[in-house]
Structures are given as structure tokens and as C-alpha cells.
Amino acid sequence: MSKILVVEDESAIRRVLVKILSEENEAYQVEEAEDGVKGLEAVKNNDYDLVLCDIKMPKMDGVEVLEAARKIKPEIPFIMISGHGDLDTAVNTMRLGAFDYISKPPDLNRLLTTVRNALDRKELVVENKILKKKVSKNYEMIGESKEITAIKDIIEKVAPTDARVLITGSNGTGKELVAHWIHEKSPRSSSPFIEVNCAAIPSELIESELFGHVKGAFTSAVKDRAGRFEAANKGTLFLDEIGDMSLSAQAKVLRALQENKISRVGSDKDIKVDVRVIAATNKDLAEEIKKNRFREDLYHRLAVILINVPALNERRDDIPLLIDYFANKIANEQGIVPKAFSKGAIKLLKGYDWTGNIRELRNVVERLIILGGQEVTEEDVRLFASK
């Protein structure tokens, strides 16, 4: 159930808004406050999914409520309610973090659409924050080889900027990890990190996934839906396997990068977005461009900074560190005592041909921990690490 607060000093308008929202969806629990002071107090003492807040009110105006609420509960979206003379102020509130604004008297369709969009984005942001807490510990960059040290140095330089980054490398090398590190070390780290695997989404659905859609845009579009660009607003959008994106979606992504705005599928309304884009691919995009499967202009927009993640075979000196890291991590996940790896076992593993890169190494370490003895030996490696 979505909990909504309406802060409005004009009782007639407040009752209308409460009635409209309550009748629109039984899952909306709507509460009200008659001025800014009471509204802010309600925000402090309750968990709301959305606040509709008038701008001109006695005691405390809507701008003050918005600024104070953003400091204590920044995840709550605010929709500002503006009179005709308040439009400039309403636009300014969006710079302060408001989701959107509606004018008095409220247009029914615009009101309900804006409310649904705000709630959709709130849900995505909350899900992302929960996920971020879970995954941040899983994205440590392990290694002291010159190849990994060079990547860490680039990240330190590029992370504080908004420069776009294209990450290349084979499957399993850790491209996603590099993207996470850039985000975590950036000024956007407190905002969403939204990931889209372009290879896992059918070409006919990728545009809806990225840009959202309006109700009726296609057969299964039963309601308006925000896309990943909107969900990543103020944060980072990671486009993994971008070499698999359709040409039509590429054209829309290019426009978004050029103009910082998108439009949902089935709509001609522009939506401004402030998103840092990081892309990754295991394909040779120069070759894809020659074959007319990837736009050259999009490539140049994305590849401001290029980071190539080396294969594990190119950084074998990091393998002992990675084995130790994975052994402890797996033991912690499974609630068992960590197992040591003998020098002979580590030497054998360093000499393997790791075609699956770090992902394959992790799987082998897990297999050895489960099937090996109290200490993982050379014999265990020969028995259980074979492909």
C-alpha cells in the first residue's frame, strides 16, 4: 500500500485531492496536513511514499518544507502544487529535488499520471538502495598487478567527473565491478546505480526498458511506466553489453546523451534527465561499426574514457590474492571454516588457462572448498579443478 501525504492550506482543494487519490486506487492510503509546519512534522514521524505539497502556505511555505524534508528523508518524492503566480517557484523547486509540480486547479489526468510516475520512481530508488547495501561488499577490486593498479589509477581520476566511460574486456573479467567502483567513488554515489543488461532484453522491449512507456503504447502496456533512465536520475546508468543493443535503441540513447532528455515509448513529451552513463561490451565495437551494427557517433559519445579490463591469464600474479579472497568469502557465505590452499595448489591454479576469467576461478575455488580436504592440495586441484 502506498502512503501519500497531502499538505495544502486550502481545505476545499485538500479535500478534492484526498478524494481523487483515494478513489483512484484502493492501495493509496492518503493523509492530510493543513499547513507546512504540520506537514513537516508528519514527514518526520511517518514513512510516506509520496508528498503533495502546496507552495504558498502560512507559517511555513512549500519550498521550506521541501528543503527540510530533503535533509531528513531525501528518498521521498515531492510533487509541488502551484497557483498560476507560483509557476516560476514551482520550476525552481525541481532544482531543489522536487519530482514535479501540478497547477491549480489540478487536471485529473495529469495529477494521477504524475502521482503514478513518482511512486514508480520511489519504488525503483528504494529497491536500488536495498540492493546497493547488499552488493557494495561484493564489488571489491582485488589485485596488485600492474594491470589492475593502472585501472585503479584511472578510476581515481575519472570517478569525480561526469565523463562517460566505455569498459571493454572478455566475459568474466570484471567489467561490472569497474563500473560499480566508478560510481562508488563519484559524487553520485548516494544516488541510484541502475544496471541494464542489453543482451538479456529482447530487442522489441529494450526501448521500453530504457525509456519507459505510456499506457496503450503496445499490447501489454496496461499503465504508464518509468524507464531506467528516469530511475537513474542524478545517479549512474550502467549499460552492460551495449554492443548487443538494437540500432533503433542506439539512436534514442544517442539523443539522450546529446540533449539530456528522453521520451517514453508512445509519448512525444520530453523528460529531462541528469544521468551519468557507463557502458561495457565484450565486442570489438570498431568491427561492429564497420559492419553497420553499431553507430559510430554513439561510440564516440560513450568512449570519452576507455578502460580495458585484462583477462585473468594476463594478470596471473593476482591469482593467489583472488583465491584467498574467494575462499574467505565462500566460507562466510556457507557458514564454514575457511580452508587454506597449499603452495603447490596455488602454483597449479596459476598455471591454468582461465578462458572463463575471474568468474571461472571463483567457481573452481568453490568446488575445491566443497570437495577438497581440510587443506586444498595439489592432488585436490588435479582431481576437482579439471574442466
Worksheet, complete the sentence: Exactly one of ASP297, ASP324, ASP317 is in a helix (DSSP H, G or I) and assigned by TED's automatic domain parsing to the domain that holds ALA280, and that residue is ASP297
Worksheet item: All but one of (1) loosely packed, with under 13 Cβ neighbours inside 10 Å; (2) in contact with a Pro (Cβ under 9 Å, 6 or more places away or on another chain) hold for PHE341; which doesn't?
Response: (1)
Worksheet entry | Subset of region 242-260 [charged (D, E, K, R) and either over 16 Å from GLU296 (Cα atoms) or in contact with a strand residue (DSSP E or B) (Cβ under 6 Å, 6 or more places away or on another chain) (or both)] | GLU259
Worksheet item: Among the residues of region 162-188, which ones are more than 22 Å from ASP284 (Cβ to Cβ) and over 14 Å from the mean Cα position of the chain (by Cα)?
Response: ASP162, ALA163, LYS185, PRO187
Discussion item. For GLN29, only one of the following conditions fails: (1) surrounded by fewer than 17 Cβ atoms within 10 Å (Cβ to Cβ); (2) polar (S, T, N, Q); (3) not in a strand (DSSP E or B). What is its number?
Written reply: (3)
Worksheet item: Among the residues of region 257-276, which ones are under 18 Å from ARG121 (Cβ atoms) and touching a residue at least 40 places away in the same chain (Cβ under 8 Å)?
Response: ILE262, SER263, ARG264, VAL265, SER267, ILE271, VAL273, ASP274, VAL275, ARG276
Practice prompt. Might you check whether a residue that is touching a strand residue (DSSP E or B) at 6+ places or on another chain (Cβ under 8 Å), closer than 25 Å to SER267 by Cα and part of a loop (DSSP other than H, G, I, E, B) occurs anywhere in region 73-88?
Written response: yes
Fill in: Filtered residue count, region 1-26, keeping only those that are surrounded by 17 or more Cβ atoms within 10 Å (Cβ to Cβ) and acidic (Asp, Glu)
2
Worksheet item: If a residue has to be part of a loop (DSSP other than H, G, I, E, B) and within 10 Å of VAL37 (Cβ to Cβ) to count, how many in region 53-72 make the cut?
Response: 4
Worksheet item: Do the conditions hold for PHE294, that is, is it among the aromatic types (Phe, Trp, Tyr) and farther than 30 Å from THR355 by Cα?
Response: no
Fill in: Candidates VAL63, VAL51 - the one that is modelled with pLDDT of 95 or more and under 16 Å from ASP100 (Cβ atoms)
VAL51
Worksheet item: For region 358-373, which residues satisfy the criterion of being free of Cβ contacts under 8 Å to residues at least 60 places away in the same chain and either within 14 Å of ASN328 (Cα to Cα) or assigned to a helix (DSSP H, G or I) (or both)?
Response: LEU361, ARG362, ASN363, VAL364, VAL365, GLU366, ARG367, LEU368, ILE369, ILE370, LEU371
Worksheet item: Hey, which of the helices (runs of 4 or more DSSP H) in region 173-276, taking only ones fully inside, have at least 2 residues that are among the hydrophobic types (A, V, I, L, M, F, W, C) and surrounded by fewer than 17 Cβ atoms within 10 Å (Cβ to Cβ)?
Response: 247-259
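The values are calculated or read from the model by the stated rules, or taken from the named source; none is laboratory data. What you are looking at is a predicted structure, and each value in this text was computed from that prediction instead of being measured. In this analysis, Cβ positions are derived from the backbone assuming ideal geometry, glycine residues included, and neighbour counts consider all displayed protein chains.
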